[in-house]
Amino acid sequence: MIENIPSNDNILQRWWHGNPERFTWVVILAGFAMFVVLLFAIPAGINYTIRYFPASQTAEFIPAENSVFFLTPPKAAEQIAITAERKIGEGDVIAATSDAAQGVLSLINDEEPPTEQVVGSVHIYAGTKLAITHLSRPFFERWSSEPYRVALRLDSGQARVFTNSGNARPLAVELSTPHGSVELASGSYQISVEESRTNVTVIDGRARLIHAKEQTITVGAGQRAWMSDNDLLEEVASATQNLITNGDFSPPALSDWTPSKTAEPNVVLGNVYFQEREGRRVAYFLRQDVENQHNEVAISQVIDKRVDIYNSLFLQMDVNILFHNLPGAGFLNTEFPLRVEVNYTDQYGKDLNW
């Protein structure tokens, strides 16, 4: 048995011969619809191209004296050591190599006069890994008012970001971290990325934090906020931070403070007690004085935080010396009723004491 199945061409041909007027109207309407689509699509496409078509820009990275950074270009198998000024482009990744490393990434807009082309900068420090994901301005600079766009990715470490929109067009900076992204207006910012969270402090300007779960919060001048893998701070906090843990000696203070005692042989060791006196928690030091004999009791805390991004540090204490009988600084000029020491590492990696 042979069955003839009509082809599509035959069906269309019979439909055309049977309904020529209807087919003509279909062709006319389809052509008109295509005309209307093109009437709006072509100008819209031209307008979009003029407004958004990008012109790639470059940045300049300048390492501090004796600082070494590693540069990983896009699709490169090997890293390049940076010890002097170098042009940086999209896709480049910069990583600090030592504890004393410092460097400045200058954001350049070539539309500005030669002396005013730096419209922003990113200061990075030891332990920092920064990727440049996008650097561009509109290609049709005269007909587009879109901003000079900069997108960075801070994987770890600390950065100070300064942004200042130029005369030609505004500057839009977006910085992404493992916990979300931060949109920065013109201003000054301190940003640090730890394994557990991202901290953003606004010195001047305004920042918008966008968590990976699409939560958002806006931070103004003199404020700070942070976000972790799980959540975003619901309310902004003051930009002032207390780097000391348990500075009010709340129980159990011994978990945050380490007591130590030093004395000459045959001298009774001093002691420190964490207790409540006059309605507040205090560290109460007690030692016996022996003439010409050293006797010291102390408490200490390891802060272990980098402070490169901070503008200033203050040490504030409430002290009440109940009794002492040291004349001046003692017999050896080393004895004091109270002495405060800060051990730190400077920007060159040298251990110092204050």
Listed pairs K305/K350; K75/K129; K129/K213; K87/K350 exceeding 26 Å between Cα atoms: K87/K350
Comparing A64, A30, A239 in a Gaussian network model of the chain (Cα, 10 Å), the one with the largest mean-square fluctuation is A30
Give me the one-decimal Kirkwood hydrodynamic radius in Å for region 153-312, with the sum taken over alpha-carbon pairs. 19.0 Å
Tilt of helix 20-52 relative to the longest C-alpha principal axis of the chain, in degrees (0 to 90, nearest 10)? 30 degrees
Once you keep just the Cα pairs under 8 angstrom separated by 6 or more residues, what percentage relative contact order results for region 54-238? 14 percent
Counting alpha carbon pairs within less than 8 Å and at least 6 residues apart, what relative contact order, in whole percent, applies to the chain? 9 percent
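When every alpha-carbon pair in region 54-238 is counted, what percent end up more than 31 Å apart?
On the way: 2535 of 17020 pairs.
Percentage above 31 Å: 15.
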Find out how many positive minus negative residues lie around Y310, taking Lys and Arg as positive, Asp and Glu as negative, among other residues whose Cβ is under 13 Å from that of Y310. +3
Whole-Å distance linking the alpha carbon centroid of region 63-142 with that of region 275-321 is 42 Å
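Short version: what are the Cα gyration tensor semi-axes of the chain, square root of 5 times each eigenvalue, largest first, in whole Å?
The equivalent ellipsoid of the chain has semi-axes of 67, 25, 20 Å.
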What does the net charge come to around N164 if you take all other residues with beta carbon closer than 13 Å to its beta carbon, with K and R at +1 and D and E at -1? -2
Computed ³J(HN,Hα) along region 253-259: with the Karplus parameters 6.51/-1.76/1.60, θ = phi - 60°, integer Hz and x for glycine or proline, the list is 5, 5, 6, 10, 10, 10, x
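In what order do L29, L152 fall by count of nearby beta-carbon atoms within 10 Å, going from fewest to most?
L29, L152
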Added length on full extension, which subtracts the Cα-Cα distance from 0.36 nm per residue, R22 to I62: 7.1 nm
Label N320 and V302 with points 7 Å out from Cα along Cα→Cβ: what is the distance between them in nm? 3.3 nm
Residue-wise, which Karplus ³J(HN,Hα) couplings in Hz belong to region 270-284, taking 6.51 cos²θ - 1.76 cosθ + 1.60, θ = phi - 60°, and x for glycine or proline? x, 8, 10, 10, 9, 8, 9, 9, 6, x, 9, 7, 9, 9, 9
Estimated FRET transfer efficiency when R0 is 45 angstrom, pair S98-N271 (beta carbons, to 0.05): 0.60
Please identify every one of the trypsin sites (Lys or Arg not before Pro) in region 196-271 that sits in a loop by DSSP and has no more than 13 other beta carbons within 10 Å of its own beta carbon. K213
Sequence order, region 205-217: Karplus ³J(HN,Hα) from phi using 6.51 cos²θ - 1.76 cosθ + 1.60, θ = phi - 60°, Hz rounded, Gly and Pro as x, gives x, 8, 10, 10, 8, 10, 6, 4, 8, 6, 6, 9, 8
Angle, helix 8-18 long axis vs. longest principal axis of the chain, Cα atoms, 0 to 90°, nearest 10? 50 degrees
What number comes out for the charge environment of G247, summing +1 per Lys or Arg and -1 per Asp or Glu over other residues with Cβ under 15 Å away? 0
Assign one of three labels to region 220-308, namely rounded, prolate or oblate, based on the Cα gyration tensor with a ≥ b ≥ c the square roots of its eigenvalues; rounded applies when a/c is under 1.5, prolate when it is not and a/b is larger than b/c, and oblate otherwise. prolate
Among F140, F323, which comes first, second and so on when ranked by fewest other beta-carbon atoms within 10 Å? F323, F140
Inter-probe distance in nm under a simple model that places probes 7 Å from Cα toward Cβ, at K213 and L352: 4.4 nm
Sort E235, E90 by Cβ crowding within 10 Å, fewest neighbours at the top. E235, E90
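Tell me the relative contact order for region 221-354 as a rounded percent, counting alpha carbon contacts under 8 Å between residues six or more apart. It would help to have the intermediate numbers written out before the result.
Numbers: 144 pairs, mean separation 21.1, N = 134.
Relative contact order here is 16 percent.
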Among N167, N311, N320, residue whose mean-square fluctuation peaks in a GNM of the chain (springs only between Cα atoms under 10 Å): N320
Most fluctuating residue of L107, L71, L322 in a GNM of the chain with Cα springs under 10 Å: which is it? L322
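Bear in mind that the values in this text are calculations on the coordinates, not laboratory data. Since the structure is predicted, the reported quantities are computational estimates derived from the model, not experimental observations. All Cβ positions, glycine included, derive from the backbone under ideal geometry; neighbour counts span all protein chains shown.
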